[in-house]
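The values are calculated or read from the model by the stated rules, or taken from the named source; none is laboratory data. Predicted model, so just to flag it, every value in this text is computed and none were measured. Here the Cβ is made from the backbone with ideal geometry for all residues, glycine too, and neighbour counts use every protein chain on show.
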Amino acid sequence: MKHPSPVLQSLARLYAESKAGRTGAGQRDFLVDFKELLADAGCQDGDDRSMAIRQLKDLDGSLLFLEGPRRDSDIIHQVRFPPANEAQLFSLLESPSPTRRRELLAKQFSAASRFEVPERWREFWRNFCGDLAEAALRGNAIAPFSRDDLQGNAELLAVVPRLLKWEQEGEESLLRFASCVLTGNSKRLGELAAEGADGRHSGKLGAILDRVTGGKLRCIEDVGISQSPRFVLVHGPLRLLLQDEWLDLGKLRGPVRLSDTDIKHASRIETGALRCVTVENETSFHELAKLGSGELLVCTSYPGSATVAFLQKLTSTLEFWHFGDTDPEGFDILRDLRERSGRSFRALHMKWRSCAAGEPLKPAERRLLHTLMDSESMAAERPTLSQVLEAGNKGNFEQESLGRPNRKNWPFYD
């Protein structure tokens, strides 16, 4: 059919979206209201309607069945389409049938199961692809893959084994460079691994890595690929033991950036401070660093791998405090710090501060607050979180709203 009719195209699409078309498991005929079918095809009136009816009647009894009152064959209430005629309908439209599309999709996952991946993940990868092939045939969920984008699926299936090999080789590179090597495009890897609110690149690639590795790799940062160099910005009394020699950073008057590599290679990290204070915003961090208070200061929002590695190498006898914004995201950063570092962080100056012009909470922020209130790791902050919810706005939430520190030592503000 060189110019397939709109009404048959609509019938095919509606059938494909039905349970019978989607899964191939339907035993009953597919029924569609006649008026709804014409409306979907844009053939409600005039010549278009007459043409649609004529085309349907030509196929009545062979491909489909028109149903209405027996006494008047010109009245049509609904169209009945037997799933057994699926191949015939889609052949007429010169389009692959839902069954054929499911088969092609399953074949794509089955072929990917034979891709070369590191031995550590080989069985996991094969099981992952095998489960997807079975789900594709049955019309079940295959997220984050798409039923209608074989090319996009092929790209994801090709990139993941390369990422697993990258992780095995222990190479650490910046995102744009790795993207060029792995995809031939400096931006493509970042697009496939969209950045989340926590600054970690997960997206579709992260979801696949998580399932294949059982949660051991959840984003491309875990593979060794980062948006920017991995470091932690620190200030205060700090010594690192590197190759049997102590490096005393406490002699520096200004903040210093420690790379993830140096943190990992340091056999010991020591501090003479009583407290480790993480500070969300770099502006406030630098103001506190100028005081020379003797506290160990760490600048971090959602902590990256370097920050987590640094905190975990510090002695647990330190007091751990976090000074952050008091909006929902600020409290979520506190939760993330606690959970990822394993340190018992306490909140510093993180009380809701009223403001007549405070920004109203967005629906997503309200949902985040409710999630935080349900989190065991945020039990101490529940009264404050409840206060923010009741106020309905973020108040004076930024750290900078406290002004300059008015004390040169702990806790810096009265």
Going through region 345-370 in order, the residues found to be in a helix (DSSP H, G or I) and closer than 14 Å to ILE333 by Cβ are GLU365, LEU368, LEU369
Residues located in region 214-255, provided they are of a type in the set (D, E, K, R) and within 36 Å of the chain's Cα centre (by Cα):
LYS216, ARG218, GLU221, ASP222, ARG230
Does THR307 fit the bill of being hydroxyl-bearing (Ser, Thr, Tyr), crowded, with 16+ Cβ neighbours inside 10 Å, part of a strand (DSSP E or B) and touching a strand residue (DSSP E or B) at 6+ places or on another chain (Cβ under 7 Å)?
no
Residue hits (region 269-301; within 19 Å of ASP325 (Cβ to Cβ), among the β-branched types (Val, Ile, Thr) and outside any strand (DSSP E or B)) are THR283, THR300
Return yes or no: is ALA143 among the hydrophobic types (A, V, I, L, M, F, W, C) and not in a helix (DSSP H, G or I)?
yes
Please go through region 112-140 and give me each residue that is buried (at least 16 other Cβ atoms within 10 Å of the Cβ), modelled with pLDDT of 95 or more and not in a helix (DSSP H, G or I), ordered by number.
SER113, PHE115, VAL117
Name the one entry in LEU175, LEU182 that is crowded, with 18+ Cβ neighbours inside 10 Å, touching a helix residue (DSSP H, G or I) at 6+ places or on another chain (Cβ under 6 Å) and closer than 29 Å to ASP131 by Cβ.
LEU182
Looking only at region 21-45, which residues are among the hydrophobic types (A, V, I, L, M, F, W, C) and surrounded by 12 or more Cβ atoms within 10 Å (Cβ to Cβ)?
PHE30, LEU31, VAL32, PHE34, LEU37, LEU38, ALA39, ALA41, CYS43
